[in-house]
Structures are given as C-alpha cells and as structure tokens.
Amino acid sequence: MQRERQFRWTDPVSPGVTPIRTALRSAITNAIKQRDRAALTAYRTALAAIDNAEAVPVGGEHRAGSIERSAAGVGRADAPRRGLNEQDMVEIVRREAGERRATADALGTMSPEAADQLRREADLLLALLQ
C-alpha cells in the first residue's frame, strides 16, 4: 500500500507557502490516486465552497432583450469574480469542517455510519489547515 502524502496549508506570510487552493487541489489528486472517496468528497466540496464564495452576487437588474443586444464573443458576458484572500479561504474551509461536525452531531444515533463519515471528512479538512 502506498504511503499517503500529507498536504498542509502554511501561513502566506512565511516562506515555503502552499496556498489553500493549491493544497486542496493536491489533496484531491492524492485522494483520487488513493481511491479515498471520503477525502475526495471533503476536498472537492471545500474547493467548490471557495469558488461559490468568489461568485458575484446576482443584482436586481434583469436584462432581457432581443438577440441583437446580447453579448457576442468569448468572455463578453463574463462577470468579474470577487477576490478572496488566503485567510478568507481558510475560514471557508474551517466553516465547511464545522458544518460537517454539526451535522454529524445532529445525526447522532440515527445514522452512526453517516455521522462517522462526516466526522472523518471534517478531520481531513482541519488536518489540511494545520
């Protein structure tokens, strides 16, 4: 059996930095190689949560109109994304881990297998941040 590599986030101010997004992507690659579905789920969900947090909120303005007025060309209709700093991304991953723990506690004795799975996913996310 192959040894599992650990990818850890380090503070962006210090040398030898691994940004959280890079650490998550590396952890996803490792989870795929290890065929670890729980880890893969946890890391992909955390990365998606970061991507969703960067999404621009939809405004109240709706521009329905004719096809002649629609944007044409690659990237013409793209909206700029909100920029998050490393600490914001780390907080999102911590929040994801906290939500998993809270859900696991709520499941309690109703579904112990699912609760254990969620606790393991939360532990994997928190271990990535240490």
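The values are calculated or read from the model by the stated rules, or taken from the named source; none is laboratory data. The model shown is predicted, which means the values in this text are computed figures rather than measured ones. Please note: Cβ atoms are built from the backbone with ideal geometry, for glycine as well, and neighbour counts cover all protein chains shown.
List of remarks:
- Neighbours by Cβ (under 7 Å, 6+ apart or cross-chain): first from the range 82-101, touching a residue at least 60 places away in the same chain (Cβ under 8 Å); second surrounded by fewer than 18 Cβ atoms within 10 Å (Cβ to Cβ): Glu86/Pro12; Glu86/Pro19; Met89/Arg21; Val90/Leu129; Val93/Leu129
- Condition check for Gln117: more than 17 Å from the chain's Cα centre (by Cα) and touching a residue at least 24 places away in the same chain (Cβ under 8 Å): yes
- Only one of the numbered conditions (1) over 14 Å from the mean Cα position of the chain (by Cα); (2) at pLDDT 95 or above; (3) surrounded by 15 or more Cβ atoms within 10 Å (Cβ to Cβ) is violated by Phe7, and that is (2).
- Any chance Pro112 is modelled with pLDDT of 75 or more and either over 22 Å from Thr18 (Cβ atoms) or exposed (fewer than 15 other Cβ atoms within 10 Å of the Cβ) (or both): yes
- Of the residues making up the range 35-50, those that are in a helix (DSSP H, G or I) and surrounded by 13 or more Cβ atoms within 10 Å (Cβ to Cβ) are Ala38, Ala39, Leu40, Thr41, Ala42, Tyr43, Arg44, Thr45, Ala46, Leu47, Ala49, Ile50.
Residue-by-condition table, conditions (1) at pLDDT 90 or above; (2) aliphatic (A, V, I, L, M); (3) surrounded by 14 or more Cβ atoms within 10 Å (Cβ to Cβ):
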site: Arg21; (1), (2), (3): yes, no, yes
site: Ile67; (1), (2), (3): no, yes, no
site: Gly75; (1), (2), (3): no, no, no
site: Asp88; (1), (2), (3): yes, no, yes
site: Arg94; (1), (2), (3): yes, no, yes
site: Leu107; (1), (2), (3): yes, yes, yes
site: Asp116; (1), (2), (3): yes, no, no
site: Ala122; (1), (2), (3): yes, yes, yes
